[in-house]
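Trainee: Here it is, the structure, as structure tokens.
Every number in this text was worked out from the coordinates using simple rules, so none of it is lab data. Quantities reported herein were computed from a predicted structural model and do not represent experimental measurements. Don't worry about glycine lacking a Cβ; one is built from the backbone with ideal geometry, like all the others, and counts go over all protein chains shown.
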Amino acid sequence: MREHRPKRGGRAFYPRKRAKRIYPEQNFPKIPGDEVKPLGFAGYKAGMTHVLLLDQDSNSPTYKTQIARAVTVLECPPLTVFGFRCYTKTYEGLKTLCDVIASNLDKKKLLRKTTLGRGKIPETKLEEVELDKVSEIRLLCHTNPPFKKTPEIFELALSGNVSAQFEYAKSVLGKTVSIGDVFSEGDYIDVTAVTKGHGFEGPVVRFGIKLHGRKMKQMHRHVGCLGDRRRGRILPTVPAAGQHGFQTRTELNKRILKVLPPEEINVSGGFPHYGIVKNTCVLIDGSVPGPRKRLVRMRVAIRAPPKKVPVQIAYISTSSKQGA
């Protein structure tokens, strides 16, 4: 009788190819209800520090005691809403119906970034939008990075029904959205970013295979067997050399510990390889993908825990991180 078993070797991160761009695309969950708000935001990774907080999770062994937690600092400048995109539903999925563009568009920031779809409608002609054909509306936003000139452009999904989305999109068109309009302390989020790139690496570094001994014939930094004799091909699960890092990764259920102004978080001498934080920032429990200065996208948690644990921080470390 033929044995049945799960396939050996994880395929979670295949294919291990380079990301298409330095900041990721993102999918958004469907939020029930009529309340309208953006379902995501973005910030730049400044570095890490640590905090002392009171553990208020009743299921934790350290319940009601003070614990130290490593936190990631994300600088979150306001996002500028320069337009919104209307989608219509077809049998092939969502298709762009039209783009509504703000009249006060900063063309210098968007000079090298053109992702606008067909049927561009200026802000002064909003009545041309055929709302009966629209099935979803998303905001077109660009970042305002504090350390470079070229912004990133991406879409932000909205909760609520189509008519409420349209009214909200009109109200924020040409304006800015801050992190406080989307998330608050204690919220669970999913973070998506492009990891640090290491270039072309061999199988020892890329997969952690064992080095062969000094009496092994031929190469020492390779797998011993590439597969069965009669298969006629090498399976894609066999460790091989290739791209290591610079891949899009998403981590679920990261908790926002605090949203605070820059003067409360700036460490002595600034964050290494980043500098002084100049905008509102968030403290995220644990680590997030990517190196410093890379854009990290946040969204409403797609599989959030059933209860929201309150946050009570006693101390935030602002000591120098030089050499860390």
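Trainee: Let me check I've understood the local charge: for Arg255, count other residues with C-beta under 13 angstrom from its C-beta, Lys and Arg +1, Asp and Glu -1. What total comes out?
Mentor: Numbers: positive: Arg69, Lys254, Lys258, Lys307, Lys308; negative: Asp55, Asp57, Glu185, Asp187, Asp190, Glu251, Asp285.
Net of charged neighbours comes to -2.
Trainee: State, to one decimal in nm, how far the label point of Arg18 lies from the label point of Lys308, with both points 7 Å from Cα in the Cβ direction.
Mentor: Computed distance between label sites Arg18 and Lys308 equals 4.2 nm.
Trainee: In addition: At 0.36 nm per residue, and after removing the present C-alpha to C-alpha distance, how many nm does the segment from Asn27 to Ala241 gain when stretched out fully?
Mentor: Full extension of this stretch gives 74.0 nm more.
Trainee: Roughly how compact is segment 113-212, stated as its Cα Rg over 2.2 N^0.38 Å to two decimals?
Mentor: Ratio of Rg to 2.2 N^0.38 Å for segment 113-212: 1.63.
Trainee: Whole-Hz Karplus ³J(HN,Hα) for segment 262-269, in order, using 6.51 cos²θ - 1.76 cosθ + 1.60 and θ = phi - 60°, x for Gly and Pro?
Mentor: x, 5, 8, 10, 4, 7, 5, x
Trainee: Charges on Cβ only, +1 for Lys and Arg, -1 for Asp and Glu, centred on the Cα centroid of segment 119-278; of Ile276, Gly242, Gly174, which one is farthest towards the dipole's positive end?
Mentor: Gly242
Trainee: In whole Hz, what ³J(HN,Hα) sequence does segment 35-52 give by Karplus (6.51, -1.76, 1.60; θ = phi - 60°), x for Gly and Pro?
Mentor: Going residue by residue, I get 5, 10, 6, x, 9, x, 7, 8, x, 9, 6, 8, x, 10, 8, 9, 10, 10 Hz, with x marking Gly and Pro.
Trainee: Just subtract the alpha-carbon distance of Val162 and Leu226 from 0.36 nm times their residue separation and send over the number in nm, one decimal.
Mentor: Working: separation 64, 0.36 × 64 = 23.04 nm, distance 5.41 nm.
Separation in residues times 0.36 nm, less the Cα-Cα distance, equals 17.6 nm.
Trainee: Additional query: State to the nearest 20 debye the size of the charge dipole of the chain about its Cα centre, where the only charges are +1 on K and R beta carbons and -1 on D and E beta carbons.
Mentor: Here the chain has a charge dipole of around 2600 debye.
Trainee: Which FRET efficiency value, to the nearest 0.05, is calculated for His198 and Leu54 with the Förster distance at 41 angstrom and r the Cβ-Cβ distance?
Mentor: My answer for the efficiency is 0.60.
Trainee: If you don't mind, another one. Hey, any idea what Rg/Rh is for segment 217-324, computing Rh the Kirkwood way over Cα pairs?
Mentor: On the way: Rg = 22.0 Å, Rh = 18.8 Å.
My calculation of the ratio gives 1.17.
Trainee: Taking only Cα atoms, what is the 0 to 90° angle, nearest 10, from helix 162-172's long axis to the longest principal axis of the chain?
Mentor: The angle comes out near 80 degrees.
Trainee: Check Cys281: other-chain or 5+ apart residues with amide H under 5 Å from its amide H, H built from backbone geometry?
Mentor: Correct list: Cys76, Leu260.
Trainee: Between (1) 17.1; (2) 20.7; (3) 25.0, which entry matches mean projected area of the Cα convex hull in nm² as derived from the coordinates of this structure?
Mentor: Label (3) holds the value from this structure.
Trainee: If amide H atoms are built 1.01 Å from N in the plane of the peptide, which residues on other chains or at least 5 residues away come under 5 Å of the amide H of Gly286?
Mentor: For Gly286, the qualifying residues are Ala70, Val71, Thr72.
Trainee: Please work out the Cα center distance from segment 243-268 to segment 157-215, rounded to the nearest Å.
Mentor: Computed from Cα coordinates, the inter-centre distance equals 10 Å.
Trainee: To continue, here is another question. What ³J(HN,Hα) values, in whole Hz, does the Karplus curve 6.51 cos²θ - 1.76 cosθ + 1.60 give for segment 205-211 when θ = phi - 60°, with x put for Gly and Pro?
Mentor: Once θ is set to phi - 60°, the couplings for segment 205-211 become 6, 6, 10, x, 6, 7, 6 Hz.
Trainee: Can you classify segment 1-87 as rounded, prolate or oblate using the Cα gyration tensor, where a ≥ b ≥ c are the square roots of its eigenvalues, rounded means a/c under 1.5, and otherwise it's prolate if a/b beats b/c and oblate if not? Spell out each step's value before the answer.
Mentor: Details: a/c = 1.65, a/b = 1.06, b/c = 1.56.
Oblate shape, in that a/c is at least 1.5 and b/c is the bigger or equal ratio.
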